[in-house]
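Asker: I'd like to ask you about the structure that follows.
The values are calculated or read from the model by the stated rules, or taken from the named source; none is laboratory data. If you're wondering where the values come from, they're calculated on a predicted model, not measured in any experiment. When we count neighbours, we look across all protein chains shown, and the Cβ atoms used for this are built from the backbone with ideal geometry, even at glycine. Accessible surface is based on the protein model in full, side chains and every heavy atom, while ligands, DNA and RNA are left aside. Shrake-Rupley method; radii C 1.70, N 1.55, O 1.52, S 1.80 Å.
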Amino acid sequence: MAAITYELVRQDETTGARAGIIHTPHGSFLTPIFMPVGTQASVKGVSPDELKDLGAGIILSNTYHLFLRPGMELIKEAGGLHKFMHWDRAILTDSGGFQVFSLGQLRKITEEGVTFRSHIDGSKKFLSPEVSMQVQMCLGSDIVMAFDECVPYPADYDYAKQSTERTLRWAKRCQQTMTAPNQGLFGIVQGGMYKDLRKWHAAELVDMDFPGYAVGGLSVGEPKELMLEMLDYTTHLLPTNKPRYLMGVGTPDYLVEGVARGIDMFDCVYPTRVARNGMAMTWHGRLVMKNLAYEHDHSVLEEGCGCYACRNGYTRAYIRHLVRAGEIFGLRLLSLHNLWFLEEFTRRMRQSIIDGTFSQFRSAFLANYDPHATTAK
């Protein structure tokens, strides 16, 4: 039996939105789902038990960072990533491709792989499809991502074509190398902003029969309208009986549009990163807690929220004080709130799909949400 399987529960009749269940060796989780990011085997400021309390069924860790520090052999020695970080639910590890892409002038891409300088000590390192798979097998994650090159935006057609063709060759090498029966390897559709390249690449990957597919190379600086156009086009090229994963997206307006186009899984560092900058996510927009408006505001971050901060009565005024004073507890409260918000947001989307009311949910949310607001009701 495959390590990763997808079970469709219900599909919305007017959009592509799906409610499903993904089964893994470390338990099953309901979709749509947002995956908190534990880049270095830890979701910043949040314990595994707290992640369980807010409903996380799967988290993401980063192959590139764990490859550099502490190293795959140490994690293998500890019994794998699950035991190393005391997390007994599902884990997805990305391939390291996006992080290498982000290094810019610090890396060199060849057919064999990518040579780069470590951001930690400047030492020369090498990642290839084979190395990425070997690292991820040592980590023991449930879902393994193929090693790819993320096509930048903008990119001319010739570059995008050459890059996508190489990513396909790399995917074949990943499939040949990944031999662990208890791990599922996902393919990643690239192609830049060119529909013919995405159509070709998706068809080739589908022929390879991966247990799941990701849409890569989006949300890399392109306009939102173009991103949604490419996402809508690409998702329709993927199998309906396999999970679909949109990489690197973590704001609710993008999540609801992704779900409307048939995406099941999302991840992003956004909720914890903005928390460390003193920002809270709400159903109406963003709260910038450093703002003077909250100095005497003794209400919680959002009425009706079930996060640790809100259900225990921590007020905007108190959290503003903590943020301005540089107290770690304030950043933890915001991190817990933001992660709870996204988990609850995806739970409600799922329920609306099951109830047959997703279109109404989507319209109502977008009508009341301002992605540019820095204060909220």
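Asker: Mind checking the per residue accessible area of the stretch 297-363 for me, 1.4 Å probe, whole number of Å²?
Answerer: Value returned for the stretch 297-363: 44 Å² of accessible area per residue.
Asker: Give, in nm to one decimal, the length gained when the segment between D53 and R311 is fully stretched (0.36 nm per residue of separation minus the Cα-Cα distance).
Answerer: 91.6 nm is the gain from fully extending D53 to R311.
Asker: Quick one: among T282, T63, T357, which has the greatest mean-square fluctuation in a GNM of the chain with alpha-carbon springs under 10 angstrom?
Answerer: Taking springs between Cα atoms under 10 Å, the residue moving most is T357.
Asker: Okay, moving on. Considering only protein heavy atoms, what per residue accessible area in square angstrom results for the stretch 7-66 with a 1.4 angstrom probe?
Answerer: Value for the stretch 7-66: 35 Å² per residue.
Asker: If you roll a 1.4 Å probe over the heavy atoms of the protein chains, what accessible area per residue do you get for the stretch 73-155, in Å²?
Answerer: Result: 44 Å² per residue.
Asker: May I ask what percent, to the nearest 5, of DSSP beta bridges between residues of the chain are antiparallel?
Answerer: 50 percent
Asker: Can you send over the carbon and sulfur percentage of the accessible area for the stretch 207-285, probe radius 1.4 Å, protein chains only?
Answerer: 49 percent
Asker: Something else about it: Just how large is the dipole of the stretch 1-125 about the Cα centre, in debye to the nearest 20, putting +1 at every Lys and Arg Cβ and -1 at every Asp and Glu Cβ?
Answerer: 440 debye
Asker: Do any GluC sites (Glu not before Pro) in the stretch 48-84 lie in a loop, going by DSSP, with at most 16 other beta-carbon atoms within 10 Å of their beta carbon, and if so which?
Answerer: Those that pass, being in a loop and sparsely packed, number zero.
Asker: While we're looking at this one, here's another question. Got the relative contact order for the stretch 87-187 handy, in percent, Cα pairs under 8 Å and 6 or more residues apart?
Answerer: 31 percent
Asker: Assuming 0.36 nm per residue, please report the length gained on full extension of the stretch D355 to T110 beyond their Cα-Cα distance.
Answerer: Going from the current span to full extension adds 83.2 nm.
Asker: Now for a separate question. Can you compute the modelled spin-label distance between H236 and K76, with each label point 7 Å from Cα toward Cβ, in nm?
Answerer: 4.5 nm
Asker: Quick one: with all protein chains in place, what share of the accessible area of the stretch 14-135 is carbon or sulfur, to the nearest percent (1.4 Å probe)?
Answerer: Looking at the stretch 14-135 in its full context, I get 52 percent from C and S.
Asker: List the relative contact order of the stretch 1-90 as a percent without decimals, with contacts defined as Cα pairs under 8 Å and 6+ residues apart.
Answerer: Taking the mean separation of contacting Cα pairs over the length of the stretch 1-90, I get 24 percent.
Asker: A follow-up question, please. Quick one: which residues, 5 or more positions from V151 or on another chain, have an amide H under 5 Å from its amide H? H modelled 1.01 Å from N in the peptide plane, none for Pro or chain starts.
Answerer: G191, G192
Asker: Once fully extended, how much extra length lies between D156 and R348, figured as 0.36 nm per residue of separation less the alpha-carbon to alpha-carbon distance?
Answerer: Going from the current span to full extension adds 65.1 nm.
Asker: Which far-off residues, 5 or more places away or on another chain, put their amide H under 5 Å from the one on G184, with H placed in the peptide plane?
Answerer: Counting only residues 5 or more places away or on other chains, the set is I143, V144.
Asker: Oh, and also: Can you give the % of DSSP beta bridges in the stretch 57-205 that are antiparallel, to the nearest 5?
Answerer: Counting DSSP beta bridges with both partners in the stretch 57-205, the antiparallel share is about 40 percent.
Asker: Anyone know which of E343, E303, E149 comes out most mobile in the 10 Å Cα GNM of the chain?
Answerer: Most flexible of the set in this elastic network: E303.
Asker: Could you identify which residue out of D355, D121, D156 has the top mean-square fluctuation in a GNM of the chain using Cα springs shorter than 10 Å?
Answerer: Looking only at D355, D121, D156, the biggest GNM fluctuation is shown by D121.
Asker: Okay, moving on. At most 16 other Cβ atoms within 10 Å and a DSSP loop assignment: could you name the GluC sites (Glu not before Pro) in the stretch 178-274 that fit?
Answerer: Qualifying residues, ordered by number: none.
Asker: So what is the relative contact order for the chain, in percent, with contacts set as C-alpha pairs under 8 Å and at least six apart?
Answerer: For the chain, the relative contact order is 18 percent.
Asker: What number, rounded to the nearest 500 deg cm²/dmol, is the helix-based mean residue ellipticity at 222 nm of the chain, given -39500 (n - 2.57) per DSSP H run of at least four residues and division by all its residues?
Answerer: -12000 deg cm²/dmol
Asker: Another question about this same structure. Report the FRET efficiency, 1/(1 + (r/R0)^6), for D207 and S102, where r is their Cβ-Cβ distance and R0 is 35 Å, rounded to 0.05.
Answerer: It comes out at approximately 0.70.
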